[in-house]
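First the structure, in the form of structure tokens, and then the observations on it.
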Amino acid sequence: MSFKHKPSELDPAAATVDVTLPAGQGWTHELAPGDVFRIVDLEGNQAVDTLFFNSRDLDERYSATETIRTQANIYLTTGTLLMSSEGRALLTIVADTCGRHDTLGGACSAESNQVRYALDKKHMHNCRDTFLLAMARHGRGMTKRDLPSNINFFMNVPVTPAGALTFDDGVSGPGRYVEMRAETDVLVLISNCPQLNNPCNAYNPTPVRLLVWSKARV
Amino acid sequence: MSKVVLQQTLLGGQAWSRRLRRNQRLRLRDVHGRACVSALLYNAHDPLERYNMADTLKAQFTAFLTTGRVLYSDMGRVLCSIVADTCGWHDTMSGTGDAVAARAQFGDGPYQTLRNAFHRNARDNLLVELGKHGLGKRDVVANVNFFVRIGVGDDGGLAWVRDNSPAGAAVELRADMDTLVVLSNTPHPLDPATKYDPPPVELTITEGPAAAADDPCRLSRPENGRGFALTEAYVAEMHTSERGS
């Protein structure tokens, strides 16, 4: 299957934030309306588990099902409105050189790793632990209660017409990126996935690069 | 016949919630066909533990729910199992409608003019019912839509499937741990109906035995065997601590 790729015109040299996030680490960042946020899959096939919140009202958060229902499609790419639980667009995907991102597969956790792989996998690092630590450090009282279904950028979870769902080899590659524009004040929460038990990271979790072009400073 | 604990008709537009004790069965029957019952599930003793769509789908390599599949919590445990189903396909990817979607689909339907035939929607219904348990917006996650099938094309596009749930279709859940079930009997936003007329759904709760060693839900995937092991260990631990206190 071939995907539509839409590159961006923005120059990384002009970015106001430019950080590299190693696998297994979390990141939070607040975007203002109009800010543009890019995630770069530096080495390819790296799942980036991501949630968004209205940073002025954390009860309003990314909703996978609102996003799927609104566009009547399960895959995310250029043009997708990333919808909130209140039926509003938090961000819009404005560029994408990967072409398909997942929002059904959720985040790995110590407990789901036990179910999916083996009871003795509970000690392995996982996205939910990363989310929980990043939320605790962010310091606004967020807990597991604030973890609805997330986005997995660069992850490929195809669904067949017969209703089968699989974790497939990635469709991303080194240097592929996805870029989105904040439509409101947005808190970004990221776990750069440490999963070693399935092909979502090609069994080799790698760093990603995170860039922000702040509207106020361009 | 096992003992009937409750029998009730869930009217079109109505919300409902109840704690199911472990091993109770909840049967939903789509009396006239084309129903949509949106559902959220929580650990009855600790609602921070709740239904997890992604873990349910991933563990069972499926995009839908039917007999033999289980509904996982976000803590690796089986809240409920689907022990019987004459419908064959229940959705868990496409979410609920809200007031905006209902207005776009059916036009204005306020209480002021329609009285109790007013256009209720699943988002608001779930918030009302969750509020009765001290829960709210933070507790709303991706839900189950019983009796609904949404087809997925090769390009990922969604299409509502007509006639998925014929008159009399029924699905039966077994609570594998004490579970708070919250339901809303309201139209699915991808159903192309233009008249607001959600059909009634019959609810029946009965007592029943625990999942046996050869239970089809337990054996349907090796993942489910582990899910049941974790659930049963948790139930035993809860039971021991209750007796000890």
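Some notes on this structure:
- Any hit, the range B:171-191, residues being surrounded by fewer than 21 Cβ atoms within 10 Å (Cβ to Cβ) and under 20 Å from residue B:105 (Cα atoms): yes
- Here the condition is being of a type in the set (Lys, Arg) and touching a Pro at 6+ places or on another chain (Cβ under 9 Å); of A:88, A:56, A:61, it holds for A:61 alone.
- For residue A:121, the stated conditions hold: it is of a type in the set (Lys, Arg), in contact (Cβ under 8 Å) with a residue 40 or more places away in the chain and either within 12 Å of chain B (Cβ to nearest Cβ) or farther than 26 Å from residue B:160 by Cα (or both).
- Given (1) in contact (Cβ under 8 Å) with a residue 12 or more places away in the chain; (2) more than 12 Å from the chain's Cα centre (by Cα); (3) under 21 Å from residue A:108 (Cα atoms), number of the condition residue B:10 does not satisfy: (3)
- Flag for residue A:18 being part of a strand (DSSP E or B), within 14 Å of chain B (Cβ to nearest Cβ) and surrounded by fewer than 18 Cβ atoms within 10 Å (Cβ to Cβ): no
- Reported count of residues in the range B:50-73, each being hydrophobic (A, V, I, L, M, F, W, C) and more than 11 Å from every other protein chain (Cβ to nearest Cβ), is 1.
- Test: residue in the range A:197-204 that is modelled with pLDDT under 95 and surrounded by 21 or more Cβ atoms within 10 Å (Cβ to Cβ): yes
- Applying the set (1) more than 10 Å from chain B (Cβ to nearest Cβ); (2) surrounded by 21 or more Cβ atoms within 10 Å (Cβ to Cβ); (3) closer than 17 Å to residue B:156 by Cβ to residue A:93 leaves exactly one unmet item: (2).
- Cβ-Cβ under 6 Å pairs, at least 6 apart or on other chains, the range A:28-48 side part of a loop (DSSP other than H, G, I, E, B), far side of a type in the set (D, E, K, R) and modelled with pLDDT of 95 or more: A:42/A:209
- Test: residue in the range B:177-192 that is of a type outside the set (Lys, Arg), away from chain A (no Cβ under 13 Å) and at positive phi: no
- Single residue of the range A:103-123 satisfying the filter (surrounded by 24 or more Cβ atoms within 10 Å (Cβ to Cβ) and of a type in the set (A, V, I, L, M)) that is farthest from residue A:149 (Cα to Cα): A:115
- Of the residues making up the range B:146-159, one or more are away from chain A (no Cβ under 14 Å), buried (at least 21 other Cβ atoms within 10 Å of the Cβ) and not hydroxyl-bearing (Ser, Thr, Tyr).
- In the range B:80-101, residue nearest to the other protein chains (Cβ to nearest Cβ) [restricted to those that are surrounded by 20 or more Cβ atoms within 10 Å (Cβ to Cβ) and of a type in the set (Gly, Ala, Ser)]: B:95
- Check on residue A:3, within 14 Å of another protein chain (Cβ to nearest Cβ), modelled with pLDDT under 95 and out of contact with any helix residue (DSSP H, G or I) (no Cβ under 6 Å at 6 or more places or on another chain): yes
- Residue A:143 vs. criteria at the interface with another protein chain (Cβ under 9 Å from one of its Cβ atoms) and either at positive phi or at pLDDT below 95 (or both): no
- Residue within the range A:195-211 that is on the phi > 0 side of the Ramachandran plot and within 14 Å of chain B (Cβ to nearest Cβ) present: no
- Filter result for residue B:232 (in a helix (DSSP H, G or I) and either under 29 Å from residue B:61 (Cα atoms) or at pLDDT 95 or above (or both)): yes
- Of B:76, B:107, B:12, all but one fail to be in contact with a His (Cβ under 9 Å, 6 or more places away or on another chain) and either on the phi > 0 side of the Ramachandran plot or more than 14 Å from chain A (Cβ to nearest Cβ) (or both); the exception is B:107.
- Residue match in the range B:35-49 (condition: among the polar types (S, T, N, Q) and within 13 Å of chain A (Cβ to nearest Cβ)): yes
- Residue ID - nearest to residue A:191 (Cα to Cα), chosen from residues in the range A:27-36 that are of a type outside the set (Asp, Glu) and touching a Lys or Arg at 6+ places or on another chain (Cβ under 8 Å): A:28
The values are calculated or read from the model by the stated rules, or taken from the named source; none is laboratory data. Worth saying up front: this structure is predicted, and the values here are computed from it rather than measured. For neighbour counting, all protein chains shown are included, and Cβ atoms are generated from backbone atoms with ideal geometry for every residue, glycine included.
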